[in-house]
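Visitor: Below are the structure tokens for one structure; questions will follow.
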Amino acid sequence: MISGLEPASVWKYFSEISAIPRMSGHEEKIIDYLESFANERGLKFKKDAAGNVVISKPARPGKESSPCAVLQSHVDMVCEKNEGTDHDFLNDPLDLFEENGFVRASGTSLGADDGMGVGAALALLDSDDVGHGPLECLFTVDEETGLTGANALEEGFVSGRILLNMDSEEEGAVYIGCAGGKTTSIFKSVPERLKSEKQLSYTVKIDGLRGGHSGLAINSGLGNAIILLARFLWVLDDKINFDLAEIRGGEKHNAIPREAMAEICINEEDLPILETKISKYTEIYKNELRKTDEGVKLSLKKNNECMPVLPEKEKSRLLNLLYSFPHGVFAMSPDIKGLVQTSTNMASVSVQKDGIQILTSQRSSVESSIHDVSSKVISHALLADYEYISKDPYPAWTPDPDSPLLKKAVAAHEELFGEKPEIKAVHAGLECGIIGRKYRGMDMISFGPDVYGAHSPDEKVRIVSVGNFWNFLISIVQKI
Ligand SMILES: [Zn+2]
């Protein structure tokens, strides 16, 4: 239980929705709640086939000629609990409590991402003392598992062309852009397998790397397990003659691979060279990555027998391809300091029965650059005579430092807090990217209170920042 927190209305609605299960993909109960909320207050309620909701509220007296503002939040939450916590996310209310200036939930994620946005929207819909123009509060579903609610939005579902997204997690920052992206798969059919003439089989493994989000962490200097393993094998290939039966690493397109392994067959007399190289390259990698990925480790494990191997030509083609594969930052933003504008991630590789598969993903906050970097990956693959499949991209939200809405937000922030907010963008996908594509000409910003540990049972929201977030929101709304 929490009580006595300010602003009372935001906390009231946040507490109410925290009692309603709202796991991504299971938003029926919160949608019903929104419908009763609107009906009880005589507000217009609309729902689409995906479950997205708009509640509209007319302008306050004197603000009838103001443009309509869309206040957007997502109703679903990531459901994570500590081991041993007995909580049923489909039925049980969250158990909120206050601790050292924060609100948390016992043993579970809090859903301040994005319950704080939802709570603020409801507080504004319920208010009679904020001088706002016409409002459309847009509540999307299923943001957390792939932005599917936003993706399903239909033309005309909202009419406003000013959008306040309340899904950021950093007080004092205003977000004005995000990356779009796509995945590009590279493959080659290699049905032929040979029996190795070598006597010994070993698995070479690289692990101990941190891994990380392929967008947010792409400029963190993390090691890419696949490329580091390919480099090791490429160097080894120069020293001894070995056969390659298998190479595998990485899982998801949106993660920098943490582990990779290769199964190789060698001649008995080459074992000492292999062992020496393993310890030498462990040292080299530890030194190169000492600030970012010092846990990196190469290891060897003996296998009972040699599995069928790739033809020599395919082996060497694959090692050259992987070692030289584009990975990492391509360009930094000229508009926002420190923002990665364009990047690509070499995400996974596997040798399968009939061929070799490589998965990569590209991101950029500039639409044309998504295609550019994906085409570079393809042209790289074509050099090695590989084929490709390139998916349709999801849209970017390109930063517009001259946005009229941003100017209002900056002015509001200066009046309230005596300083400009930090203007930021994120090298990952947000709902704003999709919404901006669906509703052309939408002027958008994103902001929110301080939320730490989102998507984990450690999630917490800083109480003081909720008041500042609320004051910032109503001040912007009044200026529109
Ligand atoms: Zn969120």
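Visitor: With the condition being among the polar types (S, T, N, Q), within 16 Å of the ligand (Cβ to nearest atom) and not assigned by TED's automatic domain parsing to the domain that holds Ser343, I'd like the strands (runs of 3 or more DSSP E) fully within the range 150-193 carrying at least 1 qualifying residues.
Guide: So the answer is 162-165.
Visitor: Based on this model, can you work out whether Asp392 counts as outside any helix (DSSP H, G or I), in contact (Cβ under 8 Å) with a residue 60 or more places away in the chain, farther than 30 Å from Arg462 by Cα and under 23 Å from the mean Cα position of the chain (by Cα)?
Guide: yes
Visitor: Suppose the filter is in contact (Cβ under 8 Å) with a residue 60 or more places away in the chain and either over 21 Å from Ser403 (Cα atoms) or not in a helix (DSSP H, G or I) (or both); does Ser456 pass it?
Guide: So Ser456 fits the description; yes.
Visitor: Within the range 360-372, is there a residue that is farther than 30 Å from Ala173 by Cβ, within 27 Å of the chain's Cα centre (by Cα), in the same structural domain as Leu228 (by TED's automatic domain parsing) and not hydroxyl-bearing (Ser, Thr, Tyr)?
Guide: no
Visitor: Which residues, counting only those in the range 99-133, are part of a loop (DSSP other than H, G, I, E, B) and not charged (D, E, K, R)?
Guide: Listed by number, the residues that qualify are Asn100, Gly101, Ser106, Gly107, Ser109, Leu110, Gly111, Ser127, Val130, Gly131, His132, Gly133.
Visitor: Another question about this same structure. For residues that are more than 18 Å from Ala225 (Cβ to Cβ) and in contact (Cβ under 8 Å) with a residue 60 or more places away in the chain, scanning just the range 245-290, find the one that is nearest to the chain's Cα centre (by Cα).
Guide: Residue satisfying both the conditions and the ranking: Ala245.
Visitor: Specify which of the listed residues (Asp92, Asp86, Asp76, Asp32) is more than 27 Å from Gln478 (Cα to Cα) and within 27 Å of the chain's Cα centre (by Cα).
Guide: Result: Asp76 is the single residue among Asp92, Asp86, Asp76, Asp32 that is more than 27 Å from Gln478 (Cα to Cα) and within 27 Å of the chain's Cα centre (by Cα).
Visitor: For the range 109-140, name all the residues that are closer than 22 Å to Ser3 by Cβ, within 16 Å of the ligand (Cβ to nearest atom) and hydroxyl-bearing (Ser, Thr, Tyr).
Guide: Listed by number, the list holds a single entry, Ser109.
Visitor: Can you find, within the range 44-53, the residue that is surrounded by the most Cβ atoms within 10 Å (Cβ to Cβ) among those that are part of a strand (DSSP E or B) and touching a residue at least 60 places away in the same chain (Cβ under 8 Å)?
Guide: My answer is Val53.
Visitor: Checking Ile162 against (1) under 17 Å from Gly51 (Cβ atoms); (2) over 20 Å from the mean Cα position of the chain (by Cα), only one condition comes out false. Which one?
Guide: (1)
Visitor: Would you please list the contacts, defined by Cβ atoms under 7 Å and residues six or more apart or on different chains, that run from a residue in the range 167-178 that is within 15 Å of Ala428 (Cα to Cα) to a residue that is within 12 Å of the ligand (Cβ to nearest atom) and among the aliphatic types (A, V, I, L, M)?
Guide: That search, which allows pairs on different chains as well, returns Glu169/Val451; Glu169/Ala454; Tyr175/Val426; Cys178/Val426; Cys178/Ala428; Cys178/Leu430.
Visitor: I would also like to ask the following. Give just the number: which of (1) part of a loop (DSSP other than H, G, I, E, B); (2) without any contact (Cβ under 8 Å) to a residue 24 or more places away in the chain does Asn219 not satisfy?
Guide: Of everything listed in (1) part of a loop (DSSP other than H, G, I, E, B); (2) without any contact (Cβ under 8 Å) to a residue 24 or more places away in the chain, Asn219 misses just condition (2).
Visitor: So, in the range 87-98, of the ones that are part of a loop (DSSP other than H, G, I, E, B) and in contact with a helix residue (DSSP H, G or I) (Cβ under 8 Å, 6 or more places away or on another chain), which residue ends up nearest to the ligand (Cβ to nearest atom)?
Guide: Leu94
Residue by residue, here is whether (1) part of a loop (DSSP other than H, G, I, E, B); (2) away from the ligand (no atom under 16 Å from the Cβ) holds:
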{"site": "Ala38", "(1), (2)": "no, yes"}
{"site": "Gly42", "(1), (2)": "yes, yes"}
{"site": "Ser56", "(1), (2)": "no, yes"}
{"site": "Lys63", "(1), (2)": "yes, yes"}
{"site": "Ser66", "(1), (2)": "yes, yes"}
{"site": "Cys79", "(1), (2)": "yes, no"}
{"site": "Glu83", "(1), (2)": "yes, yes"}
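Visitor: Any residue in the range 108-119 that is closer than 14 Å to His455 by Cα sitting within a Cβ distance under 6 Å of a residue that is near the ligand (Cβ under 9 Å from one of its atoms) and of a type in the set (Asp, Glu)? List the pairs, counting only those 6 or more apart or interchain.
Guide: Listed pairs, sorted by first residue: Asp114/Asp167.
Visitor: Being surrounded by fewer than 24 Cβ atoms within 10 Å (Cβ to Cβ) and within 14 Å of the ligand (Cβ to nearest atom) is the filter here, so list the residues in the range 451-476 that pass it.
Guide: Within the range 451-476, Tyr452, Gly453, Ala454, His455, Ser456 qualify.
Visitor: For the condition crowded, with 20+ Cβ neighbours inside 10 Å and part of a loop (DSSP other than H, G, I, E, B), what is the one hit in Gly441, Gly436, Gly429?
Guide: Matching residue, one of Gly441, Gly436, Gly429: Gly429.
The values are calculated or read from the model by the stated rules, or taken from the named source; none is laboratory data. It should be emphasised that the depicted structure is a prediction, and the values quoted were computed from it without experimental measurement. Using ideal geometry, Cβ is built from the backbone for each residue, glycine included, and neighbour counts are taken over all protein chains shown.
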